[in-house]
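Single-structure report; data block below.
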Amino acid sequence: MSVKSEYLGIDTSNYTTSVALLSPNGMESRRKLLPVKEGERGLRQSDAVFLHTKQLPDLIESLPSPVQPSAVGVSTRPRSVEDSYMPWFLTGQGVARAIAHLYDCPLYEFSHQQGHIAAGLWSAGREDLFGQRILAFHVSGGTTELLLVNGMDDIRVICHTMDLHAGQLIDRIGVLLGYPFPCGAHMDADACRAEHPLRPTVRLKDGCCSLSGYENKAQKMLKDGVSRDEIAYFAINTVASQLQGMIDYALSLYPDLPLLMIGGVCSNTIIRRRLSDRYGALFAADGFSCDNAAGIAVLAKLRHEGSF
């Protein structure tokens, strides 16, 4: 009887359905954004559940087959804290339970945030940092948290946003400017063409940022005839400057720790360049910054092997 060494990961998070298969041949990852109507800034939870239910079977069928999984991993909640819950994770959880039962293999449940950290370390080629103390900055449309990670089961928030998340600000300004939602990738290219970039004022309280007022500033800029490129840069530069201030605060408390940047916002060209140059920050490889199941597959393998 052959020894199985394939690990299936499933993640049905906000705005992305994703599956991944980790095997001795490498990582096979599939993901698909949830469609959002033009001009809208998100989805109702019930719509997200429906769309995940519709998209997940197609993505699983696109993976190499046949598969003999050693274990199945799935994200079941946004963060590894009590009362962390979003209904769209039930879609992936139900499918993962069924697959694990049919193949008589273990099912391991993780948070979406744990999956991001694992995908970042794995894709950056820094598996040596699993289990080590690091700083991880999770920056997306649903989370803006700078974390102290003492292994995957001990994740603590150092500082965070007090209102809007970074990705929310970018998307709100992006929709205002006429970009399709989610807006980050579309704004990235235009922001890099800005000729007279405007710089925001950064104010932090105990390392925590506030982003709620910048949408109004963008609206005024648009009314005053400022170009779309420059407003796009203003939005991204605002986020980059706030992140930089928060990192400086965290490093004052925990100097010399490796810094990992995770989440969809961290795929932005300007943010990656600035934080890489200033801090030597680690970033996930292309395609692994945004929501995906690759990190969940990696965690399933590590948990199955008893690594944590």
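In this structure, Glu127 and Asp163 have a Cβ-Cβ separation that, at R0 = 25 Å, corresponds to a calculated FRET efficiency of about 0.10.
Take the Kirkwood radius over Cα pairs of the range 240-295, plug it into Stokes-Einstein at 37 °C and 0.692 mPa s, and you get 278 µm²/s for translational diffusion. Going from the residue with the fewest nearby Cβ atoms within 10 Å to the one with the most, Val19, Val74, Val175, Val202 rank Val202, Val175, Val74, Val19.
Structural descriptor for the range 52-115: relative contact order 43 percent, calculated from alpha carbon pairs under 8 angstrom and at least 6 residues apart.
With a Förster radius of 45 Å applied to the beta-carbon distance between Phe308 and Val226, the computed FRET efficiency rounds to 0.40. Ranking of Phe50, Phe130, Phe137 by neighbouring Cβ atoms within 10 Å, starting from the fewest: Phe50, Phe130, Phe137.
Summing charges over neighbours of Gly280, with a neighbour being any other residue whose Cβ is under 13 Å away from its Cβ, gives +3 when K and R count +1 and D and E count -1. If you wrap the chain in the convex hull of its Cα atoms and look at it from every side, the mean projected area works out to 15.9 nm².
Sorted fewest first by neighbouring Cβ atoms within 10 angstrom, Asp224, Asp154 come out as Asp224, Asp154. With Cα atoms defining each centre, the range 92-165 and the range 1-41 are spaced 14 Å apart in the structure. Across the chain, Cα pairs under 8 Å and at least six residues apart give a relative contact order of 24 percent.
Computed from the C-beta positions of His196 and Lys37 and an R0 of 30 Å, the FRET efficiency is 0.35 to the nearest 0.05. Working note: Cα gyration tensor of the range 30-146, eigenvalues times five, square-rooted, sorted largest first, giving semi-axes of 23, 23, 14 Å. Between Phe50 and Glu82, the simple spin-label model (points 7 angstrom out along Cα→Cβ) gives 3.6 nm. For the chain, set up a Gaussian network in which alpha carbons nearer than 10 Å are linked by springs, and say which option among Leu121, Leu253, Leu243 fluctuates the most. It is Leu253. Within the listed set His116, His196, His165, the Gaussian network model of the chain (springs between alpha-carbon atoms below 10 Å) gives the highest mean-square fluctuation for His196. Label-to-label distance for Ser276 and Glu61 is 3.9 nm, based on points extended 7 Å past Cα in the beta-carbon direction. Beta-bridge orientation, the range 1-159: approximately 70 percent antiparallel, per DSSP, counting only bridges with both partners inside. Between the C-alpha center of the range 247-289 and that of the range 213-228 there is a gap of 28 Å. Taking every DSSP bridge with both residues inside the chain, close to 60 percent are antiparallel.
Distant-in-sequence amide contacts of Leu282, defined by a placed amide H-H separation under 5 Å and a gap of 5 or more residues or a different chain, comprise Leu259, Leu260, Met261. Which percent, to the nearest 5, of DSSP beta bridges fully inside the range 70-158 are antiparallel? The antiparallel fraction comes to roughly 65 percent. Checking the Cα-Cα distances for Lys32/Lys223; Lys37/Lys205; Lys32/Lys301 against a 28 Å cut-off, the pairs over it are Lys32/Lys223; Lys37/Lys205.
A short reminder: the numbers here are calculations on the coordinates, not readings from a lab. No experiment lies behind these values; they were computed from the predicted model shown. Cβ coordinates were reconstructed from backbone atoms using ideal geometry, including for glycine residues, and neighbour counts include every protein chain displayed.
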